[in-house]
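The structure under discussion appears below in the form of structure tokens.
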Amino acid sequence: MGPRAQPALLLLILLRTLAAQGRSPRSHCLRYLFMGASEGGLGLSLFEALGYVDDQLFVAYNHETRRAEPRAGWISGAATSQLWLQLSQSLKGWDHMFSVDFWTIMDNHNYSKATKPGVLPEPHTLQVALGCEVQEDNSTRGFWKYGYDGLDHLEFCPETLDWKAVEPTAQVTKLEWENIKIRAKQNRAYLERDCPEQLRRLLELGRGVLDQTVPPLVKVTRHKASTGTTLRCQALNFYPQNITMVWWKDKQPLDTKDATPKDLLPSGDGTFRGWVALTVPPGEEQRYSCRVEHPGLGQPLIASWESLLPDTLLVGVISGTAICVIIFIGILVRILRKRQTSRRARGDYVLSEYE
């Protein structure tokens, strides 16, 4: 896979990771996703940026054109506004910052010294996800994460103004960036002030479009296997994608570690679908229920698996049906035997008539 194809694939993985983390059903989120690749010894061959409000792509940027392009109808009319000018300048600044950070991370991995003479370095990829979430009570939460070669690498902690090295190879970069005090303060200022302010302005601009909701269709199914019985709670065709799905037992919420994490994916028509599974003891399916919360629902929706027939009744129906079939076959055999005997008698009589 070439370096140009790698960031697109890794971006999809990053999007799924962020979706899996989920957010409060009544919150709004602004996030930017950056991706780039190095091409051997030829330098940085690709930089692309995508901006999302909630789950809608509204802006795209790449290093070749150095221009921000609107990707949603509700933002196109603002392409000459002060908001758009600020957004374009920010993306150009992040373009430069991304390139510097990329080379810093590669240098700290010491790849240049590890490369044999006459052999070009291998291509590498860098992904960045940054943005903020505004809750229903107007509180905010920011995030700024780096992924290198498809793995989580560094995460900024605005509360403590330091970086978390997600993998050991990120330790050198962590220490280097923490020595630049102004960088940490600028990052926190963006996450806690500038980003939420921009999100609120974008929500106002997209009023009537961004606040549309489509409630989920929810169903619970049962799947039996040699390894056990699994209940799967599925939510289909909903928008936006921020949804919570929690298993309850005997009307009490279960610890999330007892459930398989839900997987949220686009449905292909602008809506989303997701599911969460739980392994339960056979025969106890009725004790479990799935509680779903979504902006399109007036109140939490509770769904559970319902057998069309109780197991004991089902066994009785099957047994009764089998007995009826046996009796029917017995009667049919007796009728056929009587008809065969009658035909033989008639045949003898006709023959004797012609003698």
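The values are calculated or read from the model by the stated rules, or taken from the named source; none is laboratory data. Just so it is clear, the structure is predicted and the values come from calculations on it, not from any experiment. Here Cβ is always computed from backbone atoms with ideal geometry, including for glycine, and neighbour counts include all displayed protein chains.
Table: residues versus (1) in contact with a Phe, Trp or Tyr (Cβ under 8 Å, 6 or more places away or on another chain); (2) under 20 Å from Ser90 (Cα atoms).
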site: Thr160; (1), (2): no, no
site: Trp163; (1), (2): yes, no
site: Gln171; (1), (2): no, no
site: Ile182; (1), (2): no, yes
site: Tyr190; (1), (2): no, yes
site: Arg193; (1), (2): no, yes
site: Glu197; (1), (2): no, yes
site: Arg200; (1), (2): no, yes
site: Arg207; (1), (2): no, no
Exercise. Going by the conditions given, is Val246 within 25 Å of Asp55 (Cβ to Cβ), of a type in the set (A, V, I, L, M), out of contact with any His (no Cβ under 6 Å at 6 or more places or on another chain) and modelled with pLDDT under 90?
Worked result: no
For this session: Kindly list the number of the only condition in (1) out of contact with any Leu (no Cβ under 9 Å at 6 or more places or on another chain); (2) within 30 Å of Trp275 (Cβ to Cβ); (3) buried (at least 16 other Cβ atoms within 10 Å of the Cβ) that fails for Ser139.
Result: (3)
For this session: Would you confirm whether any residue within the range 149-163 is surrounded by fewer than 17 Cβ atoms within 10 Å (Cβ to Cβ), polar (S, T, N, Q), over 27 Å from the mean Cα position of the chain (by Cα) and under 22 Å from His109 (Cβ atoms)?
Result: no
For this session: Of the numbered conditions (1) within 19 Å of Pro295 (Cβ to Cβ); (2) surrounded by 12 or more Cβ atoms within 10 Å (Cβ to Cβ); (3) within 19 Å of the chain's Cα centre (by Cα), Arg232 fails exactly one; give the number of that condition.
Result: (1)
Exercise. For the range 58-176, list the strands (runs of 3 or more DSSP E) that sit wholly inside it and hold at least 1 residues that are at pLDDT 95 or above and aromatic (Phe, Trp, Tyr); which are they?
Worked result: 140-148, 151-157, 162-165
For this session: Check the range 27-44 and report whether any residue there is surrounded by fewer than 16 Cβ atoms within 10 Å (Cβ to Cβ), closer than 30 Å to Thr213 by Cα and at pLDDT 90 or above.
Result: no
Problem set entry | Positions within the range 191-212 being outside any loop (DSSP other than H, G, I, E, B), touching a residue at least 40 places away in the same chain (Cβ under 8 Å) and of a type outside the set (S, T, N, Q), in sequence order | Leu191, Glu192, Cys195, Pro196, Leu199, Arg200, Arg201, Leu202, Leu203, Leu205
Exercise. Hey, does the range 7-15 have a residue that's within 28 Å of the chain's Cα centre (by Cα), outside any helix (DSSP H, G or I) and either among the small types (Gly, Ala, Ser) or modelled with pLDDT under 90 (or both)?
Worked result: no
